[in-house]
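Right, one structure below, let's go through it.
The values are calculated or read from the model by the stated rules, or taken from the named source; none is laboratory data. Since this is a predicted model, take the numbers as computed values, not measurements. Cβ placement follows ideal geometry from the backbone for every residue including glycine, while neighbour counts extend to all protein chains displayed. Just so you know, the surface numbers come from the protein's heavy atoms only, side chains and all, with ligands and any DNA or RNA stripped out. Shrake-Rupley method; radii C 1.70, N 1.55, O 1.52, S 1.80 Å.
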Amino acid sequence: MRRVASVLCLLLSVLILVGCARQGQIEHPATAPESSGAAVDSQETQPQEAERTEQALSEIRALGQSPDDLYRTWYEIFVYSFCDSDGDGIGDLKGVISKLDYLQELGITGIWLMPIHPSTTYHKYNVSDYDAIDPAYGTMEDFDALISACHDRGIHVILDLVLNHTGSDHVWFRTAVEYLKSLPAGTAPNESDCPYVDYYFFSNESATGYAQIPGTDWYYEAQFSADMPDLNWGNEGFRADVKAVMEFWLNKGVDGFRLDAAKEFYSGRSSMNVEVLSWLQETACGIKPDCYLVAEVWDSFQTVAEYYQSGITSIFNYPFGDSTGKIVSVLRGAGQPSVVSTYATALEKADKAYRAANSNYIDAPFLSNHDVGRIAGFVSKDEAKTKLAGAMNLFMSGSAFVYYGEEIGMVGSGNDPSKRAPMYWNAARDNGTTNPPPDCTIPDEYPFGSLEEQVTDDGSIYNYYRQAIAIRNAIPAISHGQTTAETQLNTGCVSAFRKTSDLGTCIVLMNISDEAAEVDLSAYADWTLAAKLSVNDRTAALDGTLLNLPAYAVAVLVPAQ
């Protein structure tokens, strides 16, 4: 609690709102308003608000984050579509470097780079060389500069590590194929003659998910596509090469990895996948003790809990993210107490189950990513729900992930390229990537405007995200806390849950309804309003022991000092 108090006292000392009076602010625990009046007069002029906003956010950023703290606010970047520095229309690493100040201003403390290795496709999930940078993205020197610039800002970097398959042009696969082609008919392959022949699954018989080597009677497993041959985790030589790959990048300063398709290492055989994740966690942390691993396990709540038995630090929380996840289902049922009341209890259930499987787990909540439609589309481009969805994600415990453009309400669905469209930097569409992925659909008009337009709009989705992240960063119990439903307050369309950690305690209340709500805090005399977040110009306020929560508003209580 000392850190929470110091942060809030510091903010009070400069009389700052986090963001602007319209949407979000942090109160001082000992001096939170006892009436509907705000800490800063709502009639204050915009220039004064802007000046105070910038000072407050700079104070929060100046506090920094412990370098070894794995609870971060991550930003997923598809380099191809993010920012182009050399005018070829495709994003690159120098383009990412040019936007680091923007990410720091947003409050981001970690970056996940989708695959940056050489590849024959735009998406680069069919890796040709694990130890190199795709020339379209730049050079190894550019990568080194990016790592240095990120670390100077206290931003961690993780790389997408694709270990379920390689590209069909990877040297391991090409060598194995040439060897098989050289074998006399009827001769069985020998691993001692070609070690790489056992890095993959080759057969003389065709089967579901297998592709044929042209001109031969040999087939190979490739469950995703023919240019993505599946790898054999049962081969020790392959595992040794994986360790070498991790060593290479960790020695270059990378802070960890996102593990692609972790459920498909052995499709349909979860116990074997759990063993692989255990090996990866142990091996990575043997190289770098604070290495951060987050795995993609696109499956049910029960399966995610099972995979945490591997000891892996994080697994993406698909049961809460995506169009079928808990966050979207609750927002679609906004205003219905029977739906809203399940949110806090679901958070508690997930936390208990994951924690029981791995007491050191760090949740990895998200709303959308490169494989699914974007959150704004999930909620029918409703601005208020798009904003609240952001808070629901960012106020979950763990390392919250934000997909690039999510903070400005980008849309995209249908085929994969359309989910990975160029970033909406400005209305002219001329300062980002101008050569979109093949078959990418880009809207004629941006539903909520470009970043350039949103920056100057106090009520924008961008400024809402900025405020939500600032609150998350200023009250570490939000990200670090163990979650339990606050039963007494979790009533009607107000979802309330408590976060408890060594860094403090807080209670988060969310009005998931388009109508205002009142919450009786008479039993919480030793708690005070520490932060509030609103989707419009009406913010939460205390009136005696009643907390007034406008439509879709969020409030955070902390113990009084």
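Quick notes on this structure:
- Some residue of the range 254-271 being surrounded by 16 or more Cβ atoms within 10 Å (Cβ to Cβ), farther than 27 Å from GLU221 by Cα and touching a helix residue (DSSP H, G or I) at 6+ places or on another chain (Cβ under 8 Å): yes
- Selected residue [within 24 Å of TYR462 (Cα to Cα) and part of a loop (DSSP other than H, G, I, E, B)] from SER81, SER85: SER85
- Subset of the range 374-404 [within 19 Å of PRO437 (Cβ to Cβ) and either open to solvent by 10 Å² or more (accessible area, probe 1.4 Å) or at pLDDT below 95 (or both)]: GLY377
- Test for THR324: is it within 20 Å of the chain's Cα centre (by Cα), surrounded by fewer than 21 Cβ atoms within 10 Å (Cβ to Cβ) and of a type outside the set (Lys, Arg): yes
- Scan of the range 93-132 for residues that are charged (D, E, K, R) and farther than 14 Å from GLY154 by Cα, ordered by number: LYS94, LYS99, LYS124, ASP129, ASP131
- Residue match in the range 513-521 (condition: in contact with a Ser or Thr (Cβ under 6 Å, 6 or more places away or on another chain) and over 22 Å from THR345 (Cα atoms)): no
- Among the residues making up the range 214-230, those that are within 17 Å of PRO189 (Cα to Cα) and outside any loop (DSSP other than H, G, I, E, B) are TYR219, TYR220, GLU221.
- If you go through the range 360-401 and pick out every residue that is at positive phi and touching a residue at least 60 places away in the same chain (Cβ under 8 Å), you end up with 2.
- In the range 171-189, the qualifying residues are those that are in contact with a Pro (Cβ under 8 Å, 6 or more places away or on another chain) and at pLDDT 95 or above, and the one that is nearest to PHE224 (Cα to Cα) is PHE173.
- The condition of being at pLDDT 95 or above and buried (at least 17 other Cβ atoms within 10 Å of the Cβ) holds for only one of ASP290, ASP230, that being ASP230.
- Residue satisfying all of: in the range 445-490; free of Cβ contacts under 8 Å to residues at least 24 places away in the same chain and of a type outside the set (D, E, K, R); surrounded by the fewest Cβ atoms within 10 Å (Cβ to Cβ) among these: THR456
- Some residue of the range 356-367 being over 21 Å from TYR75 (Cα atoms), surrounded by fewer than 18 Cβ atoms within 10 Å (Cβ to Cβ) and among the hydroxyl-bearing types (Ser, Thr, Tyr): yes
- Residues in the range 179-226 that are out of contact with any strand residue (DSSP E or B) (no Cβ under 9 Å at 6 or more places or on another chain) and among the β-branched types (Val, Ile, Thr) were compared, and the one that is most open to solvent (accessible area, probe 1.4 Å) is THR208.
- In the range 272-287, the residues that are open to solvent by 50 Å² or more (accessible area, probe 1.4 Å) and without any contact (Cβ under 8 Å) to a residue 12 or more places away in the chain: GLY286
- Residue within the range 162-169 that is farther than 25 Å from GLY215 by Cβ, open to solvent by less than 30 Å² (accessible area, probe 1.4 Å) and of a type in the set (Gly, Ala, Ser) present: no
- Scanning the range 384-440 for residues that are under 22 Å from PRO115 (Cα atoms), of a type in the set (Val, Ile, Thr) and either touching a Ser or Thr at 6+ places or on another chain (Cβ under 8 Å) or not in a loop (DSSP other than H, G, I, E, B) (or both) turns up VAL402, THR433.
- Checking LYS349 against (1) assigned to a helix (DSSP H, G or I); (2) touching a residue at least 60 places away in the same chain (Cβ under 8 Å), the condition it does not meet: (2)
- ILE147, sole failed condition from (1) free of Cβ contacts under 8 Å to residues at least 60 places away in the same chain; (2) out of contact with any helix residue (DSSP H, G or I) (no Cβ under 9 Å at 6 or more places or on another chain): (1)
- Hits in the range 491-503 - residues which are among the hydrophobic types (A, V, I, L, M, F, W, C), open to solvent by 20 Å² or more (accessible area, probe 1.4 Å) and touching a strand residue (DSSP E or B) at 6+ places or on another chain (Cβ under 9 Å): CYS493
Residue-by-condition table, conditions (1) open to solvent by 20 Å² or more (accessible area, probe 1.4 Å); (2) among the aromatic types (Phe, Trp, Tyr); (3) assigned to a strand (DSSP E or B):
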{"position": "GLN104", "(1), (2), (3)": "yes, no, no"}
{"position": "ILE111", "(1), (2), (3)": "no, no, yes"}
{"position": "THR121", "(1), (2), (3)": "yes, no, no"}
{"position": "TYR130", "(1), (2), (3)": "no, yes, no"}
{"position": "TYR137", "(1), (2), (3)": "no, yes, no"}
{"position": "PHE143", "(1), (2), (3)": "no, yes, no"}
{"position": "ILE147", "(1), (2), (3)": "no, no, no"}
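- Of all residues assigned to the range 534-553, none qualifies as being open to solvent by less than 60 Å² (accessible area, probe 1.4 Å), β-branched (Val, Ile, Thr), closer than 24 Å to GLN482 by Cα and touching a residue at least 12 places away in the same chain (Cβ under 8 Å).
- Count of the range 149-161 residues which are assigned to a helix (DSSP H, G or I) and surrounded by fewer than 18 Cβ atoms within 10 Å (Cβ to Cβ): 3
- Residue in the range 194-217 that is under 20 Å from SER267 (Cα atoms), among the acidic types (Asp, Glu), within 38 Å of the chain's Cα centre (by Cα) and at pLDDT 95 or above present: yes
- Residue pairs whose Cβ atoms lie under 6 Å apart, sitting 6 or more positions apart in sequence or on different chains, and linking a residue in the range 317-340 that is touching a residue at least 40 places away in the same chain (Cβ under 8 Å) to a partner that is surrounded by 17 or more Cβ atoms within 10 Å (Cβ to Cβ) and of a type in the set (S, T, N, Q), are ALA334/SER513; GLY335/SER513; VAL340/SER495.
- Of all residues in the range 405-438, those satisfying the criterion of being at pLDDT 95 or above, more than 19 Å from VAL79 (Cβ to Cβ) and open to solvent by 30 Å² or more (accessible area, probe 1.4 Å) are SER413, GLY414, ASN415.
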